[in-house]
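The values are calculated or read from the model by the stated rules, or taken from the named source; none is laboratory data. What you see is a predicted model, and the numbers here were worked out from it, not measured in a lab. No Cβ is skipped: glycine too gets one built from the backbone with ideal geometry, and neighbour counts run over all protein chains shown.
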Amino acid sequence: MTRETVRIAMNGVTGRMGHRQHLVRSILALREQGGLDLGDGTRLWPEPVLVGRREHALRELAERHGLTHWSTDLDAVLADPAVDIYFDAQVTSAREEAIRKALAAGKHVYTEKPSATSFAAALDLARRARDAGVKHGVVQDKLFLPGLRKLKRLVDCGFFGQILSVRGEFGYWVFEGDWQEAQRPSWNYRAEDGGGIVVDMFPHWEYVLHELFGRVRSVQALAVTHVPQRWDERGKPYDATADDAAYGVFELDGGAVAQINSSWTVRVHRDELVEFQVDGTEGSAVAGLRGCRFQHRAATPKPVWNPDLPATHSFRDQWQEVPDNEEFDNGFKAQWELFLRHVYADAPYHWDLFAGARGVQLAELGLRSSAEGRRIDVPEITL
């Protein structure tokens with residue numbers, strides 16, 4: 001078997017998501033398993049080139065993981081013909097310019113979402129990538145969660161009959177940072193720095209809804225800032241100018257209606273941090289990060305509303321678990337493998353920058369809907 005080294009410029013991996021999910025649990029995990037077997041006698045060996053602004057952080061990260069290639073000079077890294085792929089996990093406000101440079105340098109591009117700070121910019125990046133003839137992809141990790149893969153299994157086999165509605169609940173309490181350290185970076189709560197839960201989560205909801213149930217045709221949203229003051233990483237108070245909760249209603253192709261609450265100001269009383277309930281004429285299901293429970297029409301009990309008597313049975317116990325039936329790898333790693341196969345074996349891949357632009361479009365229209373207090377149609381993207 002021939003081993004082919006693939007140099008990947010990884011920008012922003014000193015951050016939480018870039019480090020934990022993309023570097024450690026994806027690229028380094030691929031190295032630990034001996035590389036990626038393409039099935040044609042070739043095994044890809046990913047060689048990350050760490051890129052960032054903080055030299056000491058890059059050096060420490062490289063030493064911790066036994067890596068030798070790192071740089072604070074993005075232009076020099078992109079000028080290196082040995083680097084094939086550019087990956088971006090920076091803050092959103094810095095992403096667009098870096099991706100433009102990578103495309104101009106002829107690199108294949110893989111990026112976290114959102115791909116840009118505006119729909120116009122996201123669509124421009126997608127068209128530039130298409131015109132440059134390079135491969136491109138946007139992280140859409142929720143599709144690879146075991147719970148949603150089980151849910152898709154039910155969709156694909158026609159379990160639901162006609163799908164009527166989707167209800168999603170996502171969120172947890174993010175501490176303000178005064179007496180308890182916040183578990184998210186402070187820029188998430190400053191609109192001027194690209195923060196906000198709509199910008200962060202609506203791109204996720206776009207691809208989840210699009211992939212499993214149908215294209216989003218309209219959006220009506222209310223975005224709010226429930227906690228107006230927070231404390232940053234240095235313990236200094238600042239005004240929270242970005243939305244920390246959003247309540248959205250999405251009309252889908254086929255007539256189904258999705259309602260999704262997204263909040264960093266909610267205390268969890270669910271089995272998982274995100275749950276989706278899908279109701280159809282033939283059955284229903286509730287999916288989380290890992291599990292998925294279902295109830296068929298024939299097994300649906302007949303509840304009767306009577307507030308004068310206590311419930312004598314557990315509604316949760318009336319549902320069945322969808323079995324695993326397969327091993328589920330880390331979702332970020334699974335999508336990295338698909339993207340690498342797309343680049344080096346021309347395998348099919350449709351989670352590209354155009355798909356990423358749809359997510360930015362929905363976030364932008366969601367914020368506009370909230371500002372104008374009305375439902376807004378979501379036009380199809382013109383490639």
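Scan the stretch 145-199 for residues that are in contact with a Ser or Thr (Cβ under 7 Å, 6 or more places away or on another chain), hydrophobic (A, V, I, L, M, F, W, C) and in a loop (DSSP other than H, G, I, E, B) and the total you get is 0.
When you look at ASP232, is it surrounded by fewer than 14 Cβ atoms within 10 Å (Cβ to Cβ), at pLDDT 95 or above and closer than 27 Å to TRP173 by Cα, yes or no? It is false that ASP232 is surrounded by fewer than 14 Cβ atoms within 10 Å (Cβ to Cβ), at pLDDT 95 or above and closer than 27 Å to TRP173 by Cα. Based on this model, can you work out whether GLU181 counts as surrounded by 15 or more Cβ atoms within 10 Å (Cβ to Cβ) and of a type in the set (Asp, Glu)? Here the answer is no, as GLU181 does not meet what is asked. Within the stretch 144-167, being more than 24 Å from the chain's Cα centre (by Cα) and surrounded by 16 or more Cβ atoms within 10 Å (Cβ to Cβ) holds for PHE159, PHE160.
Candidates are the residues of the stretch 297-325 that are within 29 Å of the chain's Cα centre (by Cα) and surrounded by 10 or more Cβ atoms within 10 Å (Cβ to Cβ); the one that is modelled with the lowest pLDDT is ASP324. When residues in the stretch 87-111 are screened for being touching a strand residue (DSSP E or B) at 6+ places or on another chain (Cβ under 7 Å) and either modelled with pLDDT under 95 or of a type in the set (D, E, K, R) (or both), 4 of them pass. Among the polar types (S, T, N, Q), out of contact with any His (no Cβ under 7 Å at 6 or more places or on another chain), within 24 Å of ARG20 (Cα to Cα) and modelled with pLDDT of 95 or more: which single residue out of GLN361, GLN335 fits that description? One residue alone meets the criteria, GLN335. Tell me whether the stretch 112-126 contains one or more residues that are outside the structural domain of ARG297 (by TED's automatic domain parsing), within 16 Å of ALA9 (Cβ to Cβ) and touching a strand residue (DSSP E or B) at 6+ places or on another chain (Cβ under 7 Å). There is at least one residue in the stretch 112-126 that is outside the structural domain of ARG297 (by TED's automatic domain parsing), within 16 Å of ALA9 (Cβ to Cβ) and touching a strand residue (DSSP E or B) at 6+ places or on another chain (Cβ under 7 Å). Filtered by the rule that a residue be surrounded by fewer than 18 Cβ atoms within 10 Å (Cβ to Cβ) and part of a helix (DSSP H, G or I), the stretch 342-357 gives a lone residue, ALA345.
Residues of the stretch 204-217 include at least one that is part of a helix (DSSP H, G or I), among the acidic types (Asp, Glu), at pLDDT 95 or above and crowded, with 20+ Cβ neighbours inside 10 Å. From the list ALA76, ALA82, ALA89, ALA104, the one residue that fits, being surrounded by 16 or more Cβ atoms within 10 Å (Cβ to Cβ), in the same structural domain as MET17 (by TED's automatic domain parsing) and among the small types (Gly, Ala, Ser), is ALA89.
Across the stretch 233-291, the number of residues qualifying as of a type in the set (Asp, Glu), out of contact with any Leu (no Cβ under 6 Å at 6 or more places or on another chain) and assigned to a loop (DSSP other than H, G, I, E, B) comes to 6. In the stretch 118-139, how many residues are without any contact (Cβ under 8 Å) to a residue 12 or more places away in the chain and in a strand (DSSP E or B)? The total comes to 0.
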